[in-house]
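Have a look at the structure below, then the notes.
Just so it is clear, none of the values below were taken in a lab; they were calculated from the coordinates. Quick caveat, the model's predicted, so the values are computed rather than measured. All Cβ positions, even for glycine, are placed from backbone atoms using ideal geometry, and neighbour counts span all protein chains on display.
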Amino acid sequence: MGLKAKLGKIKFNKKIIIISVVVLAIVGIGVSSYAKAQKAKVKQVTMAKVTKKKVLQSVSATGNVEAKYRNDIALNPAQKVVKALVTEGQQVKKGDVLVELDTSDYESQLEKAKLTLANAQATLNQLTKTGLDTERSNAQNGLSQAQITLENAQRNYDDLNKKYQQNQGLLSQGYISQNDFDASKKAFEEAANAVKGAQSALANSQSAFNNVNASSGDKVTAQRTQVALAQADIDNLTKKIEDSKLKANTDGIVIRMDAKENQFPKAGDMVIVDDNSSFRVSLDMTQYDAVKVVKGQKADIKVKGSDKKYTGQVTDIGEMAQTKTNGTDQDYKVNIKVTMDNPDENVKAGYEADSEIIISQKDSALAVGFDGIKEEKSTGKKYVYLVNSSNKVEKKYIKAGLETDYDVEVIDGLKDGDKYIVNPPETIHEGDVVAEAANKNGGTKK
């Protein structure tokens, strides 16, 4: 083969190589463009897994620790303190004397009251044993005499009436004169008048006797009232003297002691004993939370400034909401009492404490993060966007149970291990292909 032929063949081979390179380049560009286009269709999202966990529904509020029972004793500014027998922080028993107050005025009044009672009792004795007996005796004698007079007048009337009737017959037969008959008639009429007079006298005597009895009864009743009043004064003063020994009516600790020996208390001075065997947290809770609370619900308590957690339960719920003002805002709040189960020496009345009241809880509930749930406006149905094994989006309706600020229990519609999209954007639709976004954290809120 000549040189010219060889050179022609070389040029032909170069053309083939160049064409092949160009074709490969075009194919490479096409493949790259296709890959880029496909990649552009995959949407980046944050994902999390459906898991079983403890789902806790609760309401929280901050309040103040207080003794379950407090013994408040107000000091009388008019009564001087003689002895102060305890100090703040001292443990006392029920019945212990805390303070003794001056009783000299009460004791002086008591002696006068005893003298008044003695005089009142003596007067009552005189009325019941001597004075009233004389009045009753005189009235009884007058009544008896009037009864005798009436009986005599009645007998005389009966005799003269009989004689008068006989004389009427004798006069008609001519056995007696008219003068004798007139005399018997006059005697009969006088006897009748005597009976009427005796009856009137008896009625008057009976009335007088009744009046004496009534008057006697009134006098005795009035005097007995005086005796009772005098005795009441004695009882009242005796109680005041006894009450001047101020006693604890509960076991506990003295948390306030304003009494100072040989001094008169100031207005508002107190002695306070707290039953430190039991504490509770007093919470003012909004009505939106309070309606969920019932007696017996458990609570977790944390005293501010301490890392220790305490437990308790709701023991009291206010019967009405109170208006609470905060600046210009007004809110209606209900007072809730949570009694602590296990207080220790670190718990003191007046401390602030945070209380979380457990409304409902499930220890192993299938749950998704609150931020993974969406709701259809038209139907109100809840759903999540699941991601299947092909990384495609599926819209899945669910039946929700307990809801918290962080998680929602799923009763139906999902299973443990399902992957779902967290905070799905509006651009996500069923059938979309998605991939886990790089350097993003998903799941429930923390």
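Rundown of residues vs (1) closer than 30 Å to Ala437 by Cβ; (2) assigned to a strand (DSSP E or B), yes/no style:
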site	(1), (2)
Asp307	no, no
Tyr310	no, yes
Thr315	no, yes
Lys337	no, yes
Asn346	no, no
Ala353	no, yes
Ala367	yes, yes
Tyr383	yes, yes
Give the number of residues within the stretch 310-336 that are exposed (fewer than 12 other Cβ atoms within 10 Å of the Cβ) and of a type outside the set (Gly, Ala, Ser). 9
Please determine, by comparing only the residues of the stretch 351-368 that are out of contact with any Asp or Glu (no Cβ under 8 Å at 6 or more places or on another chain) and hydroxyl-bearing (Ser, Thr, Tyr), which one is surrounded by the fewest Cβ atoms within 10 Å (Cβ to Cβ). Ser364
Taking the residues in the stretch 247-303 that are surrounded by fewer than 19 Cβ atoms within 10 Å (Cβ to Cβ) and among the small types (Gly, Ala, Ser) as candidates, determine which candidate is nearest to Pro77 (Cα to Cα). Ala267
When the residues of the stretch 393-419 are filtered to those that are closer than 25 Å to Val42 by Cβ and hydrophobic (A, V, I, L, M, F, W, C), which remaining residue is surrounded by the most Cβ atoms within 10 Å (Cβ to Cβ)? Val393
Counted residues, the stretch 317-335 - those being in a strand (DSSP E or B) and either under 20 Å from Lys68 (Cα atoms) or aromatic (Phe, Trp, Tyr) (or both): 4
If you check every pair at least six apart or on different chains, which have Cβ atoms under 7 Å apart with a residue in the stretch 357-373 that is in contact (Cβ under 8 Å) with a residue 12 or more places away in the chain and among the hydroxyl-bearing types (Ser, Thr, Tyr) first and a residue that is surrounded by fewer than 19 Cβ atoms within 10 Å (Cβ to Cβ) and assigned to a strand (DSSP E or B) second? Ser360/Gln57; Ser360/Leu402; Ser364/Lys52
For Leu237, state whether it is crowded, with 19+ Cβ neighbours inside 10 Å, of a type outside the set (Asp, Glu) and touching a helix residue (DSSP H, G or I) at 6+ places or on another chain (Cβ under 9 Å). yes
Those residues of the stretch 354-394 which are aliphatic (A, V, I, L, M) and out of contact with any helix residue (DSSP H, G or I) (no Cβ under 6 Å at 6 or more places or on another chain), in sequence order: Ile357, Ile358, Ile359, Ala365, Leu366, Ala367, Val368, Ile373, Leu386, Val387, Val393
Which condition from (1) on the phi > 0 side of the Ramachandran plot; (2) under 46 Å from the mean Cα position of the chain (by Cα); (3) free of Cβ contacts under 8 Å to residues at least 60 places away in the same chain is the one that Gly95 breaks? (3)
Please work out which residue is farthest from Ala61 (Cα to Cα), limiting yourself to the stretch 240-298 and to residues that are without any contact (Cβ under 8 Å) to a residue 24 or more places away in the chain and of a type outside the set (Gly, Ala, Ser). Glu242
I'm trying to understand the selection: among the residues of the stretch 295-313, which are among the β-branched types (Val, Ile, Thr) and either within 12 Å of Val334 (Cα to Cα) or in contact with a Phe, Trp or Tyr (Cβ under 9 Å, 6 or more places away or on another chain) (or both)? Ile301, Val303
In the set Gln226, Gln206, the lone residue that is touching a residue at least 60 places away in the same chain (Cβ under 8 Å), assigned to a helix (DSSP H, G or I) and closer than 22 Å to Ala153 by Cα is Gln206
Among (1) small (Gly, Ala, Ser); (2) more than 30 Å from Lys295 (Cβ to Cβ); (3) assigned to a loop (DSSP other than H, G, I, E, B); (4) in contact (Cβ under 8 Å) with a residue 40 or more places away in the chain, which single condition is Ser378 missing? (4)
Would you check if Ser390 is under 20 Å from Val45 (Cβ atoms) and in a loop (DSSP other than H, G, I, E, B)? yes
